[in-house]
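Enquirer: Let me give you the structure first, and then I'll get to my questions.
What follows is calculated from the coordinates using simple rules that are stated; it is not laboratory data. Note that this is a predicted model, so its numbers are computed, not measured. Neighbour counts are summed over all protein chains in view; Cβ atoms, including those assigned to glycine, are modelled from backbone coordinates with ideal geometry.
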Amino acid sequence: MANFDTPELLEALQNIDKGNYSAAFEVLPLLADAGNPKAQCNLANLYHFGWGVTADGSKAAELYWAVARQNIHEGKLSALSYNNLSTLYICGAPGIEPDHERAAEYSALAKELGFGM
């Protein structure tokens, strides 16, 4: 079982919990670029919701997809990423037009990987 919870990631997650998104953003891109899928998913959340950065649905989708396609079962990380992709395509976001068919596909994949609602 992989351990994605590096000390740097845990600190970034604490900063997100505290609403200190700019501090989290200082660390998450480096970890995401190094291939940490948990960092990629959390960085995607910052872009998705515009927390500490300009909202960018395309960048969020790219990062969520990078995690989803790995089929990471630990922490249901890929299932969560598929679910978040579904939400992006249901609602739309800057750079992402709503696409209910695509949203349904991602939702089904999330459920297949164990994401329960």
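Enquirer: Which members of segment 1-43 meet the condition of being small (G, A, S), over 15 Å from Y64 (Cβ atoms) and assigned to a helix (DSSP H, G or I)?
Expert: Within segment 1-43, A12, S22, A23, A24 meet the criteria.
Enquirer: Got at least one residue in segment 32-45 being in contact with a strand residue (DSSP E or B) (Cβ under 6 Å, 6 or more places away or on another chain) and touching a residue at least 24 places away in the same chain (Cβ under 8 Å)?
Expert: Residues of segment 32-45 in contact with a strand residue (DSSP E or B) (Cβ under 6 Å, 6 or more places away or on another chain): none.
No - not one qualifying residue is present in segment 32-45.
Enquirer: So, in segment 68-77, how many residues would count as being in contact (Cβ under 8 Å) with a residue 40 or more places away in the chain and of a type in the set (S, T, N, Q)?
Expert: Number satisfying all stated conditions: 1.
Enquirer: Shifting gears a bit: Does at least one position in segment 57-67 carry a residue that is in contact (Cβ under 8 Å) with a residue 24 or more places away in the chain, touching a Pro at 6+ places or on another chain (Cβ under 6 Å) and either among the polar types (S, T, N, Q) or closer than 14 Å to L113 by Cα (or both)? Give the derivation first.
Expert: In the first step, residues of segment 57-67 are kept if they are in contact (Cβ under 8 Å) with a residue 24 or more places away in the chain; the result is 57-61, 63-64, 66-67.
Add one more test, that the residue is touching a Pro at 6+ places or on another chain (Cβ under 6 Å), and what stays is 57, 67.
With the extra rule that they be either among the polar types (S, T, N, Q) or closer than 14 Å to L113 by Cα (or both), the set shrinks to 67.
Checked against the condition, which is being in contact (Cβ under 8 Å) with a residue 24 or more places away in the chain, touching a Pro at 6+ places or on another chain (Cβ under 6 Å) and either among the polar types (S, T, N, Q) or closer than 14 Å to L113 by Cα (or both), segment 57-67 yields at least one hit.
Enquirer: Let me ask something additional. Mind checking which residues of segment 31-60 are exposed (fewer than 14 other Cβ atoms within 10 Å of the Cβ) and within 15 Å of the chain's Cα centre (by Cα)?
Expert: D33, G35, F49, S58
Enquirer: Right, next: Taking segment 61-117 as the region of interest, how many residues are of a type in the set (K, R) and either crowded, with 18+ Cβ neighbours inside 10 Å or not in a helix (DSSP H, G or I) (or both)? Outline the logic, then answer.
Expert: Filtering segment 61-117 for residues of a type in the set (K, R) gives 69, 76, 102, 111.
Right, trim to either crowded, with 18+ Cβ neighbours inside 10 Å or not in a helix (DSSP H, G or I) (or both) and you get 69.
Total meeting the criteria: 1.
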